[in-house]
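Worksheet: one structure, shown below.
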Amino acid sequence: MEAVELPENLARMVFEELGQTAETIRESVALLRKNIKKTIPKPLLEGFDMSDNNLLRFLRGRKFDVKNAVTVVSNYVKFRKSHPEWFSVSQEEVEAFTTMTKVSNGLDAHLRRTVMIVPAAGLNVVTDSFLNEHPLTLTKFRIWVFEQLSWDPYVQLAGIVVIVSFQHMSFWDSARLYQMSSLYEHVECVRFATECSGFRVKALAVFEEPMFFGVVWSAASLFLSEAFKSRLRLCGNNYAILEKLIGNTDHIPACLGGKDSDDLLQNNWITQACDKAFHVPVASSVST
């Protein structure tokens, strides 16, 4: 089996909490491959990577429940067939939105990665002219980030926490942000992360939300699962709640009430993933 060796803390989680051994994992991968071929139409599987490492990311995200993993794989291949244009993103597009999005290299108390989105930090880069030249950029960037995250063993097994802060944004800044992609695209990106990527979004904390956020959320929530909606926290200016939500804030920038002296542009997991994706040839079965 060509599985990437897990860090010690994750290997312990797999054995102690999930009851998995090398043998049971081999059996689960083989069963998943068999059931995928049996239940998913062959045309949908064209181009899908059936390697051990690729199947493992779906198994780990569903705690080695083969039936649930088959469902996620089915959702994934259908999504890619429905939106092929969303999976073609350039380095320039990724780098533009990285100015307002950071994934922590550090982990929270529950071994989860934290995705931090501060739109005001990048609005001077993501201009109207840039968006006109690069349609669907925000949607493609989100899909690309979720796809990259799905290869991370920590994300596969522990999930992610998403923090969104609208600090330093005027009403018109917020309105412009929402116009960067349609409600349908917003909902589909959430669906890709929660139903097609194999990992779990453990919490979504929104700070300094604009006045019309409630209206947008009410419309979007009609299409979202109850499990995902239950994880939303509207926090206002109370950044202190992060300590309770994630257990520690050592990896959270000071601008979000954390203890990390780095800003959003420093020590960014996304930047490192971008360098790998666009500068280093990577075989489809290699995990990050």
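Results for (1) open to solvent by less than 50 Å² (accessible area, probe 1.4 Å); (2) in contact (Cβ under 8 Å) with a residue 40 or more places away in the chain; (3) closer than 24 Å to Phe64 by Cα; (4) of a type in the set (Val, Ile, Thr), shown as yes or no for each residue.
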| position | (1), (2), (3), (4) |
| --- | --- |
| Leu123 | yes, yes, no, no |
| Pro135 | no, no, no, no |
| Arg142 | no, yes, no, no |
| Asp152 | yes, yes, yes, no |
| Gln156 | yes, yes, yes, no |
| Gln167 | yes, yes, no, no |
| Phe171 | no, yes, no, no |
| Ala193 | yes, yes, yes, no |
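Of the set (1) open to solvent by 20 Å² or more (accessible area, probe 1.4 Å); (2) within 20 Å of Arg112 (Cβ to Cβ); (3) out of contact with any Lys or Arg (no Cβ under 8 Å at 6 or more places or on another chain), all apply to Leu234 but (2). Criterion first (part of a strand (DSSP E or B) and at pLDDT 95 or above) does Val115 satisfy it? Considered against the rule, which asks whether it is part of a strand (DSSP E or B) and at pLDDT 95 or above, Val115 comes out as yes.
Remark: pairs (first residue in the stretch 1-27, open to solvent by 60 Å² or more (accessible area, probe 1.4 Å); second residue part of a helix (DSSP H, G or I) and modelled with pLDDT of 90 or more; Cβ separation under 6 Å; 6+ apart in sequence or on different chains) = Met1/Arg26; Met1/Asp52; Glu2/Asp52.
Within the stretch 181-237, the residues that satisfy the criterion of being out of contact with any strand residue (DSSP E or B) (no Cβ under 8 Å at 6 or more places or on another chain) and of a type in the set (Asp, Glu) are Glu185, Glu188, Glu195, Glu226.
Taken as a whole, the structure places Ala219 among residues that are surrounded by fewer than 17 Cβ atoms within 10 Å (Cβ to Cβ) and over 14 Å from Val162 (Cα atoms).
Every residue, every condition in (1) of a type in the set (Val, Ile, Thr); (2) closer than 18 Å to Ala121 by Cβ; (3) in contact with a Pro (Cβ under 8 Å, 6 or more places away or on another chain), yes or no:
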| site | (1), (2), (3) |
| --- | --- |
| Met180 | no, yes, no |
| Val187 | yes, no, no |
| Val206 | yes, yes, no |
| Gly214 | no, no, no |
| Ala219 | no, no, no |
| Asn238 | no, no, no |
| Leu242 | no, yes, no |
| His251 | no, yes, no |
| Gln266 | no, yes, no |
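Counting only residues that are open to solvent by less than 10 Å² (accessible area, probe 1.4 Å) and either aromatic (Phe, Trp, Tyr) or touching a strand residue (DSSP E or B) at 6+ places or on another chain (Cβ under 9 Å) (or both), which one in the stretch 87-100 is nearest to Lys276 (Cα to Cα)? Per the criteria, the residue is Phe97. Do we have Ser225 as touching an Asp or Glu at 6+ places or on another chain (Cβ under 9 Å) and among the hydroxyl-bearing types (Ser, Thr, Tyr) here? It is true that Ser225 is touching an Asp or Glu at 6+ places or on another chain (Cβ under 9 Å) and among the hydroxyl-bearing types (Ser, Thr, Tyr). The lone criterion from (1) at pLDDT 90 or above; (2) open to solvent by less than 40 Å² (accessible area, probe 1.4 Å) left unmet by Asp250 is number (2). Taking into account only those residues within the stretch 198-222 that are modelled with pLDDT of 90 or more and among the small types (Gly, Ala, Ser), which is farthest from Gln156 (Cα to Cα)? By that ranking, first place goes to Ala205.
Among the conditions (1) over 21 Å from the mean Cα position of the chain (by Cα); (2) part of a loop (DSSP other than H, G, I, E, B); (3) in contact (Cβ under 8 Å) with a residue 24 or more places away in the chain, the only one that His251 does not satisfy is (1).
Is the stretch 82-91 home to any residue that is more than 30 Å from Phe166 (Cα to Cα) and in a helix (DSSP H, G or I)? Yes, the stretch 82-91 contains a residue that is more than 30 Å from Phe166 (Cα to Cα) and in a helix (DSSP H, G or I). Screening the stretch 106-121 for residues that are more than 18 Å from Gln156 (Cβ to Cβ) and within 16 Å of the chain's Cα centre (by Cα) and picking the one that is most open to solvent (accessible area, probe 1.4 Å) gives Ile117.
The values are calculated or read from the model by the stated rules, or taken from the named source; none is laboratory data. None of the values given here were measured: they were computed from a predicted structure. Neighbour counts are summed over all protein chains in view; Cβ atoms, including those assigned to glycine, are modelled from backbone coordinates with ideal geometry. Keep in mind that these areas ignore ligands, DNA and RNA; they rest on the heavy atoms of the full protein, side chains included. Shrake-Rupley method; radii C 1.70, N 1.55, O 1.52, S 1.80 Å.
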